[in-house]
Amino acid sequence: MVYARVKVTSFACTIAELVRSGSKLDKDDIASILGSDDQVLIEQLYGLADQERAEHVGQEILLRGVIEFSNYCRNSCAYCGIGIHNRSLARYRLDANQVMDAVKRIVASGIRTVVLQSGEDPYLDPAWLASIIARIKSFAQVAVTLSVGEWQEHEYRLWRSAGADRYLLKIETTDPLIYSKLHPGMSLENRLRCLSLLQELGYQTGTGNLIGLPGQGPQQIAQDLLFFAKGQFDMLAIGPFIPHPDTPLARHPYSSIDLTVRAIAVARLLCKASNMPATTAVATVGGQQGRHLALKAGANVVMVNFTPAPYNTLYDIYPDRPCAEPIRVISRIQDWARANNRTVLFSVGNAKDKKV
Ligand code: 5AD
């Protein structure tokens, strides 16, 4: 603890020097930053993260169009509102035509990445998903990102050969004890195995975590961030935990937007070229300002939700998700970008040095 305090008081110069010299922040450095109550130091952190973002991924904000095609899920993650434990939630699964309609709206908006997201739907037919991927790829020159959870190698292979370019699988937390408490019937080992498989199969691979989980403090978050640095992921989604009333964590407090933005900023210092969204969860907890804060402290991606009504409200992973029209979301981002010397990029927007 004394060590952490000493470090923090000298941090204002230390962090800049560490970053410039290319030295690595260690776990205690990171935990000190995350837990610091020195506002000057935090402003400096955000400034450095913003510089690194400008240097390594540029001024462009990348847009992704998300389609949440099924809210069925076989898991019961303690924080998640679409877990199998939530019996009061109406379930839906879009058919191929509904998915393609949403794809057409994404393409018409100018966005060139389609993210297909769902719960771990036990009735999902892998061949059906492969055929959707192939249809999307032949319909337009877009990148297809999957975010459908843990599957076997043969499914990951099938979807990759059907044309899927990218895959998001958040680790959620790297702390074995917290992981096992929050994910009954699942294992951290299998999640790690899936992530390695996805990388080996040539997906641009993204992961991420939740900030503010029970039992999680600066040390545990620092551990997550070091895991991200080691894994050289193409994308990192860091979002605040939001309590959902129909879950075991209903009474656990909201995560702070501050801590989440700090984690994003440190992630940018550690993973310079990764694409990082200012997540919808950030915008849920912190409003548009929360999103802007993240974009000024290292984030460079915005996910725009194209799930059609009324299904968008049923993808109830956490409460109060903003359900604005995609066109409005895009124009708000454009306004913000114009005022902040940033540009909005509609094209494919690959991870650095990667192609689709
Ligand atoms: N708060 C914030 N994010 C959540 N997710 C699920 N439930 C919550 C919640 N209560 C995120 C998880 C998961 C994805 C399905 O949504 O990170 O990866």
Selected residue (only one of 294, 273 is of a type in the set (A, V, I, L, M), at pLDDT 95 or above and surrounded by 24 or more Cβ atoms within 10 Å (Cβ to Cβ)): 294
Subset tally (residues that are closer than 19 Å to residue 275 by Cβ and either more than 15 Å from the chain's Cα centre (by Cα) or assigned to a strand (DSSP E or B) (or both)) for the range 209-225: 3
Test for residue 338: is it over 23 Å from residue 144 (Cβ atoms) and surrounded by fewer than 19 Cβ atoms within 10 Å (Cβ to Cβ): yes
Search result, residues across the range 40-72 that are in contact with a Lys or Arg (Cβ under 8 Å, 6 or more places away or on another chain) and within 16 Å of the ligand (Cβ to nearest atom): 69, 70, 71, 72
Pair list, Cβ < 6 Å and 6+ apart or interchain, from the range 55-80 residues that are under 27 Å from residue 110 (Cβ atoms) to residues that are charged (D, E, K, R): 56/272; 59/342; 61/342; 70/93; 70/121
Helices (runs of 4 or more DSSP H) wholly inside the range 279-356 containing at least 3 residues that are more than 15 Å from the ligand (Cβ to nearest atom): 280-295, 326-339
Residue within the range 260-272 that is over 13 Å from residue 211 (Cβ atoms) and assigned to a loop (DSSP other than H, G, I, E, B) present: yes
When residues of the range 215-244 are limited to those that are touching a Pro at 6+ places or on another chain (Cβ under 9 Å) and of a type outside the set (A, V, I, L, M, F, W, C), the one nearest to residue 173 (Cα to Cα): 239
Meets criteria (within 14 Å of the ligand (Cβ to nearest atom) and of a type outside the set (Val, Ile, Thr)) for residue 204: no
Boolean, residue 150 is on the phi > 0 side of the Ramachandran plot and either within 14 Å of the ligand (Cβ to nearest atom) or of a type in the set (A, V, I, L, M) (or both): no
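Does the range 73-82 contain at least one residue that is assigned to a loop (DSSP other than H, G, I, E, B), touching a Cys at 6+ places or on another chain (Cβ under 6 Å) and within 16 Å of the ligand (Cβ to nearest atom)?
yes
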Options 135, 191, 157: the member that is surrounded by fewer than 22 Cβ atoms within 10 Å (Cβ to Cβ), within 13 Å of the ligand (Cβ to nearest atom) and outside any loop (DSSP other than H, G, I, E, B): 191
Contacts under 8 angstrom Cβ, first residue in the range 317-331 being at positive phi, partner polar (S, T, N, Q) and part of a helix (DSSP H, G or I), 6 or more apart: 320/284
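The values are calculated or read from the model by the stated rules, or taken from the named source; none is laboratory data. All figures in this text were calculated on a predicted structure; none of them were measured in a lab. All Cβ positions, glycine included, derive from the backbone under ideal geometry; neighbour counts span all protein chains shown.
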